[in-house]
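Visitor: First the structure, then my questions, so here it is.
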Amino acid sequence: MCGIVGAVAARPVAEILLEGLRRLEYRGYDSAGMALIDGKDIHRLRRAGKVSALADALSTEPLRGHTGIAHTRWATHGKPNEVNAHPHMSGEQLAVVHNGIIENYEPIKVQLIEQGYVFTSETDTEVVAHLLDQAIQSGMSLKQAVQNTVSQLEGAFALGVIHKDFPDLLVAARKGSPLVIGVGMGEYFIASDQLALLPVTDRFMFLEDGDIALLTQDQVEVMDKSGQDVQRSISVYEHGISAVDKGEFKHFMLKEIYEQPDVMAQVLEGRIASGHVLEQAFGVDAKRVFDQVKQVQIVACGTSYHAGMVAKYWFEELIGLPCMVEVASEFRYRSVVIREGTLLITLSQSGETADTLAALRDVKSQILASLSICNVPGSSLVRESDLCLMTNAGPEIGVASTKAFTSQLVALLLTCLVIGRRHGLSSEQEKQIVTDLQNLPTLTRAILDLDEPVKAMAEAFAEKHHALFLGRGALYPIALEGALKLKEISYIHAEGYPAGELKHGPLALVDKDMPVVTVAPNNEMLDKLKANLQEVRARGGELFVFAGCEQTLKSEEGMQVIALPACSKLMEPIVYTLPLQLLSYHVAVLKGTDVDQPRNLAKSVTVE
């Protein structure tokens, strides 16, 4: 869960590496560091804290060189301090940056200590540096040393390596963690994410699991896990560079909230014709797979898990197809019973979520097929799944997911429709739902027009320490998502509950200091929900309600109500998500937290 960037070029690369780190800071921000080859020496600079601390240090202690690596860290082994920051070195000869986890580092470390190596950090990464040095000391080339070292490592990792005796060579290796090569004119780059390299190139080569790449100014050579030379195709980045700028917005999160109407349109683009979903959009084998689906198993983490929970209501209520949803970190560690005809749907913004990937790999031989719903083309999850549906949401920089969540919901509903044809969904029903989906951009823009009243509502949360979110039916997962957003970025302890569970415990917490946020669309559950709201009011609780405009709920003492535009039942989970995102955002701004980079969290969770 770290960010790697590296470069080999005819020009100085320190500023390129630093800008790459800034763009990768969403992946880790406990510490940052850089190492460059200057003549025959490697010079390294590291700092605890954010990339800005490294930038300040570079302004007084500049590094020079045409070949270098850099890293921004999210701690997994060892405290987030300068000693544990990357790059790590073995003596003065070589430097390594690493993303992932070396699971067998402890026995390797013991062996290396017995052989005289001295460890200066608490990280698992330092064993890689010493193994490389050991191999080179035995007479191996840098290429051979990397091959030898990688063969000894267990776990998931992406590596960038430089050595002072090979000043024009940058070596990269990948197993389980993302790593891309940026292709320039007389220069090559590596990075954990394309975003890091957009200022210098829009052409990228995706390394496969087990690949090792040798980069010089003139060329890149790639070897697969068997050591054979291979060619990896070059693709052009599809999103404009402006996608990673905040523009007129104060934070990336707010920008991404406001991008959602356009993102929803992008999810639909090329997937709909004459009121029907095009099953070819899921892959060449989609028809054969969907014809055989008897049940759905959704596996995901965090916000994506909440999207899966909403989809369960859709699959079972709309088309009568059994659907199970499970957190990936639990799914992969229990004895799973997979029924015949199971389609495994994995959800991940990055496509590199470690637990979700592991769950897919664990049950691949037992399922009918796998479908990935993802935002990153070329990611591991996409490449390893039988089918995929890209959400086309563009880069999401804010750690707290917003547009990735709603785009996943739209993609899941498309999936439900295309499978539903085999399970009794009529052509007329599909056309009506497709029409509702096509109207979503207009509808959600109207929701965003409510920003000012939501901002005013947020003032009531500025001094609160706890909050409760309530919903019923398919809005229960939206209550969970609203609570997650508030706790992620404002650090207010928040919980989501099905409103009918109030009397089974949570009601004991309700008082004037516990704000209760409720999503209350005008559906068949509304009367039940109103009764739950009365339970809160009777205990002196303060209610904050997002309600359908057609109903009779009005603001009064102890209850603030914001009415949302009318929408169909299937669109409610998507529509009611946006005001909760805005509420969380404005509360976080009032509390003065780091909205885009909340403490202890990282965007792409590539470790367990």
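Visitor: Where in segment 128-241 are the strands (runs of 3 or more DSSP E), entirely inside, with at least 1 residues that are crowded, with 18+ Cβ neighbours inside 10 Å and either more than 22 Å from the chain's Cα centre (by Cα) or of a type in the set (Gly, Ala, Ser) (or both)?
Guide: Values: elements: 155-163, 170-175, 180-183, 187-191, 203-206, 212-215, 220-223, 234-236.
Counting at least 1 such residues, we get 155-163, 170-175, 180-183, 187-191, 212-215, 220-223.
Visitor: Go through segment 347-366 and report how many residues are of a type in the set (Ser, Thr, Tyr) and in contact with an Asp or Glu (Cβ under 9 Å, 6 or more places away or on another chain). Write out each step before concluding.
Guide: Looking only at segment 347-366, we keep the residues that are of a type in the set (Ser, Thr, Tyr), and these are 348, 350, 353, 356, 365.
Of the ones still in play, those that are also in contact with an Asp or Glu (Cβ under 9 Å, 6 or more places away or on another chain) are 350.
Of the residues in segment 347-366, 1 are of a type in the set (Ser, Thr, Tyr) and in contact with an Asp or Glu (Cβ under 9 Å, 6 or more places away or on another chain).
Visitor: Might you let me know whether segment 62-82 holds any residue that is surrounded by 14 or more Cβ atoms within 10 Å (Cβ to Cβ) and without any contact (Cβ under 8 Å) to a residue 24 or more places away in the chain?
Guide: No.
Visitor: Would you please name the residue that is surrounded by the fewest Cβ atoms within 10 Å (Cβ to Cβ), looking only at residues in segment 27-45 that are within 26 Å of the chain's Cα centre (by Cα) and assigned to a strand (DSSP E or B)? I'd like the intermediate steps shown before the answer.
Guide: Kept after step one, since they are within 26 Å of the chain's Cα centre (by Cα), are these residues of segment 27-45: 27-34.
Still in the list and also assigned to a strand (DSSP E or B): 31-34.
Values: Ser31: 28, Ala32: 32, Gly33: 26, Met34: 33.
Of everything passing the filter in segment 27-45, Gly33 is surrounded by the fewest Cβ atoms within 10 Å (Cβ to Cβ).
Visitor: Quick check: anything in segment 245-252 closer than 26 Å to Leu582 by Cα, of a type in the set (Gly, Ala, Ser) and not assigned by the TED database to the domain that holds Val8?
Guide: First, the residues of segment 245-252 that are closer than 26 Å to Leu582 by Cα: 245-252.
Adding the requirement that they be of a type in the set (Gly, Ala, Ser) leaves 247.
Next, only the ones that are not assigned by the TED database to the domain that holds Val8 stay: 247.
Yes: one or more hits.
Visitor: Shifting gears a bit: If Tyr117 satisfies every condition in (1) crowded, with 21+ Cβ neighbours inside 10 Å; (2) touching a residue at least 24 places away in the same chain (Cβ under 8 Å); (3) more than 32 Å from the chain's Cα centre (by Cα) but one, which is the exception?
Guide: With respect to (1) crowded, with 21+ Cβ neighbours inside 10 Å; (2) touching a residue at least 24 places away in the same chain (Cβ under 8 Å); (3) more than 32 Å from the chain's Cα centre (by Cα), Tyr117 is out only on (1).
Visitor: Then there is this: Can you name the residue in segment 242-252 that is surrounded by 15 or more Cβ atoms within 10 Å (Cβ to Cβ) and either aliphatic (A, V, I, L, M) or closer than 20 Å to Val5 by Cβ (or both) and, of all such residues, is modelled with the highest pLDDT?
Guide: Only one residue tops the list, namely Phe252.
Visitor: Identify all residues within segment 184-207 that are of a type in the set (A, V, I, L, M, F, W, C) and under 14 Å from Val13 (Cβ atoms); write none if there are none.
Guide: Keep residues of segment 184-207 that are of a type in the set (A, V, I, L, M, F, W, C), which gives 185, 189-191, 195-198, 200, 204-207.
Result: Phe189, Ile190, Ala191, Ala196, Leu197, Val200.
Visitor: Looking at segment 313-335 only, could you name the residues that are in a loop (DSSP other than H, G, I, E, B) and in contact with a Gly (Cβ under 9 Å, 6 or more places away or on another chain)? Write out each step before concluding.
Guide: Restricting attention to segment 313-335, the residues satisfying the condition of being in a loop (DSSP other than H, G, I, E, B) are 320-322, 332-335.
Once the filter is applied, which keeps residues that are in a loop (DSSP other than H, G, I, E, B) and in contact with a Gly (Cβ under 9 Å, 6 or more places away or on another chain), segment 313-335 yields Gly320, Leu321.
Visitor: If you scan segment 414-441, which residues turn out to be closer than 28 Å to Gly341 by Cα and under 27 Å from the mean Cα position of the chain (by Cα)? Can you show your working first?
Guide: First pass over segment 414-441, keeping only residues closer than 28 Å to Gly341 by Cα: 414-431, 433-434.
Matches in segment 414-441: Leu414, Thr415, Cys416, Leu417, Val418, Ile419.
Visitor: Being among the β-branched types (Val, Ile, Thr) and under 19 Å from the mean Cα position of the chain (by Cα): is that true of Thr444 here?
Guide: Working: among the β-branched types (Val, Ile, Thr): yes; under 19 Å from the mean Cα position of the chain (by Cα): no.
For Thr444, the condition - among the β-branched types (Val, Ile, Thr) and under 19 Å from the mean Cα position of the chain (by Cα) - is not met.
Visitor: Follow-up question, since we're still on this one. Would you confirm, using the coordinates I've provided, whether Lys464 is surrounded by fewer than 24 Cβ atoms within 10 Å (Cβ to Cβ) and either part of a helix (DSSP H, G or I) or under 27 Å from the mean Cα position of the chain (by Cα) (or both)? Break it down stepwise before answering.
Guide: Numbers: surrounded by fewer than 24 Cβ atoms within 10 Å (Cβ to Cβ): yes; either part of a helix (DSSP H, G or I) or under 27 Å from the mean Cα position of the chain (by Cα) (or both): no.
For Lys464, the condition - surrounded by fewer than 24 Cβ atoms within 10 Å (Cβ to Cβ) and either part of a helix (DSSP H, G or I) or under 27 Å from the mean Cα position of the chain (by Cα) (or both) - is not met.
Visitor: Please return the ranges of helices (runs of 4 or more DSSP H) entirely within segment 505-597 where 1 or more residues are farther than 23 Å from Pro261 by Cβ. Break it down into steps so the answer makes sense when it comes.
Guide: On the way: elements: 526-538, 572-575, 577-591.
Of the helices (runs of 4 or more DSSP H) lying wholly inside segment 505-597, those with at least 1 residues that are farther than 23 Å from Pro261 by Cβ span 526-538, 577-591.
The values are calculated or read from the model by the stated rules, or taken from the named source; none is laboratory data. Just so you know, these numbers come straight off a predicted model, no measurement behind them. For neighbour counting, all protein chains shown are included, and Cβ atoms are generated from backbone atoms with ideal geometry for every residue, glycine included.
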